[in-house]
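As structure tokens, the structure follows; a few thoughts come after it.
No lab work stands behind these numbers, since they all come straight from the coordinates. None of these values were measured; they are calculated from a predicted model. Methodologically, a virtual Cβ is constructed for each residue, glycine included, from the backbone with ideal geometry; neighbour enumeration extends over all protein chains shown.
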Ligand SMILES: [Zn+2]
């Protein structure tokens with residue numbers, strides 16, 4: 001049992017390292033309000049971890065005010081670090097307001113669930129940007145200005161034109 005836990009922990013660290021690596025590569029170019037090309041590459045690395053590496057488990061990534069990352073997975077709630085408590089204990093203490101809070105919806109639809117929305121309402125003065133990732137789509141939202149950016153990628157066929 002103990003060994004199995006250690007294995008999972010190792011697996012955890014590998015996918016987290018990939019996300020951190022992509023983030024560090026982007027450096028200053030990243031914009032969370034609102035996502036540019038670099039940010040989209042970072043978002044894609046989070047989506048891939050959630051779907052491919054973790055077999056469709058939800059992933060959450062928080063970017064705090066010092067640009068440090070706090071990564072968690074397998075949670076339904078927007079700000080839970082259950083089983084990932086070490087993320088909050090190692091390194092620097094999380095600094096508010098958060099630059100961005102990103103999470104995935106492995107079901108594929110990028111929207112804010114009731115739980116998400118309640119969390120956003122509670123945290124709105126402490127989060128500058130909330131992003132939810134779906135399959136070839138994302139929604140980025142600034143709780144202060146209420147401005148959102150929604151992006152959807154797909155094949156545009158003659159018959160469907162604008163409807164993906
Ligand atoms: Zn959600």
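Could you put 119, 75, 44 in order, starting from the residue whose Cβ has the fewest other Cβ atoms within 10 Å?
Numbers: 119 20, 75 17, 44 14.
Fewest to most other Cβ atoms nearby, the residues stand as 44, 75, 119.
Would you calculate the separation in nanometres between label points at residue 114 and residue 148, each defined as 7 Å from the Cα along the Cα-to-beta-carbon direction?
Taking the simple label geometry, residue 114 and residue 148 are separated by 1.8 nm.
For residue 25 and residue 160, FRET efficiency with R0 = 45 Å and r from the beta-carbon atoms, rounded to 0.05? Mind showing how you got there, number by number?
Numbers: r = 35 Å, r/R0 = 0.78.
After rounding, the FRET efficiency stands at 0.80.
Determine, for 59, 151, the number of other Cβ atoms within 10 Å of each Cβ, and report the residues in order from fewest to most. Don't skip to the end; give the middle numbers.
On the way: 59 25, 151 14.
The most exposed by this proxy come first: 151, 59.
Compute the angle between helix 114-123 and the longest alpha-carbon principal axis of the chain, please, reported from 0 to 90 degrees and rounded to the nearest 10.
Computed tilt is about 70 degrees.
Quick one: 123, 117, fewest Cβ neighbours within 10 Å first, how do they rank? The partial results should precede the final answer.
Numbers: 123 17, 117 13.
Listing 123, 117 from fewest to most nearby Cβ atoms yields 117, 123.
Please report the relative contact order for the chain, taking Cα pairs under 8 Å with a sequence separation of at least 6, and give it as a percent rounded to a whole number.
Relative contact order, the chain: 16 percent.
Once label points are set 7 Å from the Cα along Cα→Cβ at both residue 34 and residue 124, what is their separation, rounded to one decimal in nm?
1.8 nm
Quick one: angle between helix 2-26 and the longest Cα principal axis of the chain, in degrees between 0 and 90, rounded to 10, please.
Helix 2-26 sits roughly 50 degrees off the main axis of the chain.
In a GNM of the chain with a 10 Å cut-off on Cα contacts, which of 53, 104, 122 has the highest mean-square fluctuation?
Its mean-square fluctuation being the largest, the pick is 122.
So if each residue of separation counts as 0.36 nm, and I subtract the Cα-Cα distance between residue 80 and residue 13, what length gain in nm does that give?
On the way: separation 67, 0.36 × 67 = 24.12 nm, distance 1.76 nm.
Separation in residues times 0.36 nm, less the Cα-Cα distance, equals 22.4 nm.
Run the quick spin-label model on residue 107 and residue 92: label points 7 Å from Cα toward the beta carbon, then report their separation in nm to one decimal.
3.7 nm
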